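Working notes, structure below.
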Amino acid sequence: MKRTEQSRQSRRTVSGGVAMERGEQTGRALRRRGAAAVLAGAAAAMLGLQAARGDTTPLTMLDPTLEASVFVTGLSQPMGMMFLSAGDMLVLEKATGRVLRVIGGVVQPTPVLDLAVNSNSERGLLSMVPDPGFALNGFVYVRWTESSTGADSAVAMETPLLGNRVDRFVWNGATLTFSAPVIALRALQTDNIALAGHPGTNNANPAGNHNGGVMKFGPDGKLYVFMGDQGRRGWMQNLANGPFLTPPLSDDTFGGPAPDNAHLAGVILRLNADGTAPTDNPFFATGAAVGGEVGANLQKVFSYGHRNGFGMAFDPASGFLWATENADDAYSELNRVVPGMNGGWIQIAGPLARFAQFKAIETKLFNSALQQVRFPPTRLAYTAAAARSRMFMLPGAVYQDPDLSWTYEIGPAGTTFVTGDALGPQYNGTLWIGSARGFAQVGGNGGSIYRLKMTADRLHVDVSDDPRLADRVADNLFRAQKFDGTESETLQIGRGFGTASAIEQGPDGNLYVTSVTDNVIYRIRRRP
């Protein structure tokens, strides 16, 4: 029943029925103006004009053998891209809901898809990946936040409860056409509404963040989806009884703390292409024993105990999955994600050996909040051992420390591995990570690009270039806006890229970076 309704809703949103007639009229007017802007941007690019940049520090590569330049202009908050061939890509715009085709660096005037998105905070048109059989079936998977109005909206409450969607579309060479729904996840954050049986709420407003959004197909042909914690405080956030100390032991007005459809958050999902759970998933048997909606959702979980993240990449040399995770205030993370992993959030961020520092930062600095104030940092455990014992461990789950972390938030974002020697043989097999905030927003290391080497066995980041990183923690210093770069000097490779929402290697071997703050796509290549 729910899947049928989701399919109906998606057809209304995509094809433009009665429900979005008024929004479509407005959209046509906006798109006419947008087309003019696209043509103007293309003309500027052809004339070699420098695009207006949102970031306030020069675009710089720290390796003199590499250069970075503006490759595509005329975009509005580009979030991601998908290459069709060399010089031919599809680009997503976060707030317009448009997928644009870019050929030879020039934006084509007619969108190939236009979805009615809710772009409040971190919502919107978030990512797109081709099916492993794309050359034969033309299937493309799109992650987006649905507007409940039938038109683009930035209002926090104008999205369905399960408004974070993954849908399958078909590429016919010119347009994307809706094919089938894959999964619908939590979008509506109403934690400012009191829960019956509990004395009010301290969450001031509805929120639109912690959606995650990145998707990747693995070498196993399965679809991996990073879903942020959505501010939930239940099983998947290592709270067996939810955020409250007294009954009713629920997460919010929609239920929980068990991961029903409204509380499947803070996870990396591993799905068949049709949205069903592969039988070799780590909690498939556990889910079968639990049964019902909660059990069916557990069967889809690859890992849990995650806060929020924007970067995920498979190592083509080993097949391992690597994912970034953003800090609240303490301990941004880079994890090699193993099947059944429990990342520890909300009991811990960063390595267990640093638990005391994690708690001290969260309780004494930055307004002493963990976003969801129904579980304040003062309720964190007193010792690392106690924090470990409080984790909600599903049968077969395993906790492991992050492979690399930063003491204060460094804001990792778009992530990819480089293959081949197009950038130089020294970069073959390296991992590249962008920033979730531009320099203009936070100063410090905002807008940076990081390049990380891997150990010979591909199990860890190689930190041998800096003995200070032997403990696998970059002990950056306190800044009111965080993003201090201390102990990241050997990792940083570029500056001035703004918010790098996605990094992808093109068929030509060069790297392409979408900058959602600079409204451009940058290209990194070997200097001629």
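The values are calculated or read from the model by the stated rules, or taken from the named source; none is laboratory data. Quick caveat, the model's predicted, so the values are computed rather than measured. Please note: Cβ atoms are built from the backbone with ideal geometry, for glycine as well, and neighbour counts cover all protein chains shown.
Of the residues that sit in segment 381-393 and are assigned to a helix (DSSP H, G or I) and in contact (Cβ under 8 Å) with a residue 24 or more places away in the chain, which one is surrounded by the most Cβ atoms within 10 Å (Cβ to Cβ)?
ALA387
Considering segment 236-253 alone, what residues qualify as being in contact (Cβ under 8 Å) with a residue 40 or more places away in the chain and crowded, with 18+ Cβ neighbours inside 10 Å?
Scanning segment 236-253 gives MET236, GLN237, ASN238, LEU239, PRO243, PHE244, SER250, ASP252.
Might you let me know whether segment 285-294 holds any residue that is modelled with pLDDT of 95 or more and under 21 Å from GLY218 (Cα atoms)?
Checking segment 285-294: not a single residue is modelled with pLDDT of 95 or more and under 21 Å from GLY218 (Cα atoms).
Please work out if SER448 is crowded, with 20+ Cβ neighbours inside 10 Å, within 26 Å of ASP421 (Cα to Cα) and out of contact with any Asp or Glu (no Cβ under 9 Å at 6 or more places or on another chain).
yes
What strands (runs of 3 or more DSSP E) lie completely within segment 136-209 and have 3 or more residues being out of contact with any Phe, Trp or Tyr (no Cβ under 7 Å at 6 or more places or on another chain)?
139-145, 176-185
The conditions are (1) over 21 Å from the mean Cα position of the chain (by Cα); (2) under 23 Å from LEU126 (Cα atoms), and ASN281 fails exactly one of them. Which is it?
That leaves (2) as the condition not met.
If we scan segment 320-330, do we find a residue that is modelled with pLDDT of 95 or more, farther than 22 Å from LEU264 by Cα, out of contact with any helix residue (DSSP H, G or I) (no Cβ under 9 Å at 6 or more places or on another chain) and assigned to a loop (DSSP other than H, G, I, E, B)?
Checked segment 320-330: at least one residue is modelled with pLDDT of 95 or more, farther than 22 Å from LEU264 by Cα, out of contact with any helix residue (DSSP H, G or I) (no Cβ under 9 Å at 6 or more places or on another chain) and assigned to a loop (DSSP other than H, G, I, E, B).
If I ask for residues that are crowded, with 24+ Cβ neighbours inside 10 Å and β-branched (Val, Ile, Thr), which ones from segment 92-101 would you list?
VAL99
For residues in segment 338-380 being surrounded by 21 or more Cβ atoms within 10 Å (Cβ to Cβ) and among the β-branched types (Val, Ile, Thr), which is nearest to the chain's Cα centre (by Cα)?
Here the answer is ILE346.
Being among the basic types (Lys, Arg), buried (at least 20 other Cβ atoms within 10 Å of the Cβ) and either modelled with pLDDT under 95 or closer than 24 Å to MET89 by Cβ (or both) is the requirement here; does ARG143 meet it?
yes
Do we find that ASP229 is modelled with pLDDT of 95 or more and closer than 21 Å to LEU113 by Cβ in this structure?
no
When you go through (1) surrounded by 19 or more Cβ atoms within 10 Å (Cβ to Cβ); (2) more than 17 Å from the chain's Cα centre (by Cα) one by one for THR110, which number turns out not to apply?
Here THR110 meets the rest and fails (1).
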